[in-house]
Amino acid sequence: MVARRAGAERGVALRLPARRLRAVYRRLLAAYGPQGWWPADDGPFEVMVGAVLTQNTAWSNVERAIANLRAAGALDAEVLARAPRERLARWIRPAGYFNVKARRLQAFCRFYVAAGGLRALDALPTPALRARLLDVHGIGPETADDMLLYAFGRPVFVVDAYTRRLLVRLGIASGDEPYDAIRLGFERALGPDVPLYNEYHALVVAHAKAHCRVRPRCAGCPLRRLCPSAKSP
DNA sequence: TTCCTGGGAA
DNA sequence: TTCCCGGGAA
C-alpha cells in the first residue's frame with residue numbers, strides 16, 4: 001500500500017571504482033565461467049519461489065523443496081496461497097526454516113495473486129515493483145532484488161554477504177555500508193545491464209565459496225593481483 | 001562442527 | 001542489537 005522507499009535514492013550511492021569492478025568481473029568470468037543462474041526454463045514464478053526458499057540456505061536443498069512442490073502440483077501461486085500452512089511446510093522441509101518459510105511463501109503467493117499475477121506486476125516500473133515486494137512479509141532487500149533481477153529481468157544489482165566480504169577484501173568498502181548504498185554503488189559504476197548483473201552476482205557467490213571465504217584461500221585466487229588482502233603464498 | 005544465493009521479532 | 005529459525009552436506 002505505502003509507496004515510499006522508491007529505490008531511486010541516488011544520494012546514498014556508494015562511490016565504487018568502475019574500472020576495478022569491471023576488471024574483477026572479467027577475471028571471475030574467466031576463472032569460473034558462466035554460472036547459468038536461474039535458467040530460462042524456470043518460469044519467473046519458480047524463480048521467485050526459489051528466492052524465498054534460498055534465504056540462508058544451500059541451493060541444493062532448495063532444489064529438493066521445489067521438486068517436492070512440483071511433484072505435488074503445488075508450484076502455483078493460487079495453490080500455494082490456499083494450501084494449509086502445515087502441508088506447505090511439509091513440502092518445503094528440505095529447504096530448512098520450513099515453518100518460517102511456509103509463512104513467507106504463502107504471504108508472497110497471496111500478494112502475487114492479489115496483485116494480479118505476473119502480468120500486472122511486470123507492468124510496474126522497477127522502483128514501484130521493488131517497493132511492493134519489500135512490503136511483503138518475508139521479502140527483504142536481497143530477496144526482492146533476486147526477484148527483480150532474475151525473475152523480472154530488471155537492472156537491479158543483488159548485494160549479499162559475499163559481495164560485502166569481497167568489497168572489504170578488495171579494499172573498496174568497509175562492509176558496514178547500508179544495503180542500498182552498495183547496490184546503488186554497483187548500479188552507478190556499471191550502468192544498467194541485466195545480463196552483467198545476473199552473471200556478476202552469481203560469480204561473486206562462486207568466488208566466495210571457492211576462494212574468498214571467511215578464512216580466505218588466496219592460493220590460486222583469480223583476483224590475487226587486484227587484492228590488497230591477498231596473503232603471500 | 002560449520003556453513004548455506006536472510007528476514008522478522010524481541 | 002541480538003536472537004530465532006532448521007535440514008542437508010562437507
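The values are calculated or read from the model by the stated rules, or taken from the named source; none is laboratory data. Bear in mind that the values here come from a model prediction, so they are computed numbers and not experimental data. Methodologically, a virtual Cβ is constructed for each residue, glycine included, from the backbone with ideal geometry; neighbour enumeration extends over all protein chains shown. Heavy atoms of the whole protein, side chains included, go into the accessibility calculation; ligands, DNA and RNA do not. Shrake-Rupley method; radii C 1.70, N 1.55, O 1.52, S 1.80 Å.
Using helices alone, what [θ] at 222 nm do you get for chain A, with -39,500 (n - 2.57) per DSSP H run of 4 or more residues, divided over all residues and rounded to the nearest 500?
Working: 12 runs with 127 residues, N = 233.
Value at 222 nm, helices only, nearest 500: -16500 deg cm²/dmol.
Under a Cβ-only charge scheme (Lys and Arg +1, Asp and Glu -1), can you give me the dipole magnitude of chain A about the Cα centre, in debye to the nearest 20? Charge dipole of chain A: 880 debye, to the nearest 20. Each label was represented as a point 7 Å from its Cα along the Cα-to-Cβ direction; for A:R26 and A:V194 these points are 2.6 nm apart. Using alpha carbon centroids, what distance separates the range A:107-122 and the range A:14-51, in Å? Here the two parts' Cα centres lie 26 Å apart. Summed over the residues of the range A:44-151 and divided among them, the accessible surface reaches 45 Å² per residue at a probe radius of 1.4 Å. 3J(HN,Hα) couplings calculated from phi for the range A:97-104 with the Karplus curve 6.51 cos²θ - 1.76 cosθ + 1.60 (θ = phi - 60°) are, in sequence order, 6, 5, 6, 5, 6, 4, 5, 5 Hz; Gly and Pro show x. Dividing the mean sequence gap of close Cα pairs (under 8 Å, 6+ apart) by how many residues the range A:44-151 holds gives a relative contact order of 34 percent. Among the protein heavy atoms, those of A:F111 account for about 30 Å² of accessible surface (1.4 Å probe, every chain in place). Here the gap between A:L124 and A:R82, fully extended at 0.36 nm per residue and compared with their Cα-Cα distance, gives a gain of 12.6 nm.
Tell me the carbon and sulfur percent of the accessible area for chain A, rounded to whole percent, probe radius 1.4 Å.
Numbers: 6110 of 11580 Å².
Answer for chain A is 53 percent, counting heavy atoms of protein chains only.
Between A:R215 and A:R70, the modelled label-to-label distance comes to 3.7 nm, taking each label 7 Å out from Cα in the direction of the beta carbon.
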